[in-house]
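Presented below is the structure to which this report refers.
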Amino acid sequence: MKDLTLDVSKAFGFVSENDYKALQDKALESNAALYDKTLPGNDFLGWVDVKNIISEEELSEIEKKAAELREKIEVLVVIGIGGSYLGAKAVIEALSNSFAQMTCQKGKPLVLFAGQNIGEDYISELMEVIKDKSYALCVISKSGTTTEPAIAFRLLKAEIEKKYGKKEAADRIVAITDKSRGALRTLANSEGYKTFVIGDTVGGRFSVLTPVGLFPIAVAGFDIRQLLQGAFRVEELTQKGKSFDENIAAHYAVVRNLLYKKYSTEILVNFHPKLHYFSEWWKQLYGESEGKDGKGIFPASVDFTSDLHSMGQYIQEGVRLMYETVLSIAEPDKKVEIPSDSQNLDQLNFLAGKRVDFVNKQAELGTQLAHLDGGVPQIRIEIPKLNEYYLGELIYFFEKACGISGYILGVNPFNQPGVEAYKKNMFALLDKPGYEEASKAIRQRLA
Ligand code: PA5
């Protein structure tokens, strides 16, 4: 079976091959440190040995509970934010029919998300839309105390209990949280919810291959074993002891660190709208892992060709601050041919009989050449098909490369101290008990 491929050749000319060679040992040492746990963040490396990230028993439990819910619900609402949301959202969007909202039914539930924002209209409209559906909730929080999902869960828990009564509601709620700590664990134990555990050694943004991602993905009807198989494969290819030439994650980590010397921004580019949320997941992975100590590549993303009609001008001719990493799919799932038209008013008959994907691929190639001419270095990653297996390959590839890249950059890729700053201010403004001094100080600042 083919694997994902990485092509960094279009970055040369912007970075030197000598510099590339010079960083190879550092990349391999960084990869080894992920296995040997010798560098900062070493207590959050439970995702590296992905074959042991989840036990067979837990996997079967996930599949069993997911199958049971699929029988009886039309909608699953997953409540979580950041790493407790983006992985599942990315995989489900990538694999679902683009118009899945139109087809939800028992046996084929739609997965919706809540608690990833504090938009009042969003939560109100969600409650309205699910009220007459058969639904279940999956609340995910590693800490068990994050404000956004806690508010959403408080609201949705009241609704589901009103609709089904407390006992039936408890059967329809799954909690994914720490094994013993946090408010969500306490609540889940006291209410008797089915629970799955987020292990201590896997941080939120590295948790999609744990129950955090696997359970919602299984409820959406996708093969979580294939997802894991894809990840296992890239782990094998990038194991400690592999040479630099063999290790695709090390290549990506090296080239992006060299590009960072001249370019502050990496744009993840896709030509398939189903990958929109995969880019959102990737942005969190790299943004939270590398953006610290005054350093880090700014991760951005675009969906082409749509965004060629909005961001294309800037990328082609604006400030030269970015390089692109293009995520390409060799063969889409469906086939659509462009028909001939007797009038040919749009003058597109030269495309008659050609597949839509053929046009998309020429757009991709044309864009690559244009952006290279415009001074935008290119990295290209290709997967043969968009399926569970190759998404698993991509997920592990980006996770591994992120760990290596962060260590080359000289940061701890596994913490996120900066996320706390807004929370402190928000709690002070909300007069949360315990924040009295901070509340006074912030009010003075605003006076
Ligand atoms: O990557 C991370 O650690 C964060 O994005 C968290 O996943 C996010 O803040 C949600 O935290 P929790 O799962 O504790 O509610």
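Quick note: the coordinates plus some simple rules give every number you see, no bench work behind them. On a predicted model such as this, the values are computed, not experimentally measured, just so you know. As a convention, Cβ positions derive from the backbone with ideal geometry for all residues, glycine included, and neighbour counts pool all protein chains shown.
General remarks:
- For the chain: span of alpha carbons on each principal axis (Å, largest first): 61, 61, 55
- Rounded FRET efficiency, nearest 0.05, which uses the C-beta distance separating V419 from S16 and R0 of 60 Å: 0.95
- Of the peptides 275-282, 235-242, the ranking by mean beta-carbon count within 10 Å, highest at the top, reads 275-282, 235-242.
- Rg to Rh quotient for the stretch 50-225, alpha carbon positions, Kirkwood Rh: 0.92
- The stretch 42-89 gives an Rg/Rh value of 1.06, both radii derived from C-alpha positions and Rh following Kirkwood.
- Eligible aspartates and glutamates near K108 by straight Cα distance, threshold 15 Å, same-chain separation 8 or greater: E63, E68, E71, E74, E93, D223
- Partner lysines whose Cα lies under 18 Å from the Cα of K166, excluding those fewer than 8 positions away in the same chain, are identified as K72, K131, K133, K157, K194.
- In the chain, the DSSP beta bridges split such that about 15 percent are antiparallel, to the nearest 5.
- Put simply, the amide H of V174, placed in the peptide plane, has neighbours under 5 Å in L137, C138, V139, leaving out anything fewer than 5 places away on its chain.
- Built amide H within the under 5 Å cut-off of V111, gap 5+: L76
- Of the peptides 88-94, 70-76, 407-413, 305-311, the ranking by mean beta-carbon count within 10 Å, highest at the top, reads 88-94, 407-413, 70-76, 305-311.
- Distance from the alpha carbon centroid of the stretch 67-97 to that of the stretch 348-389 works out to 29 angstrom.
- Average Cα contact separation per residue, the stretch 259-309, under 8 Å, 6 or more apart, as relative contact order %: 52
- Annotation: amide H-H contacts under 5 Å for I379 (H modelled 1.01 Å from N, sequence separation of 5 or more, or interchain): E324, T325, V326.
- Protection proxy ranking of 396-406, 219-229, by the mean of other Cβ atoms within 10 Å over each peptide's residues and highest first, is 396-406, 219-229.
- Among F358, F232, F113: highest mean-square fluctuation, GNM of the chain, C-alpha pairs under 10 Å: F358
- Think of each Lys and Arg Cβ as +1 and each Asp and Glu Cβ as -1; about the Cα centre, that makes the dipole of the chain roughly 880 debye.
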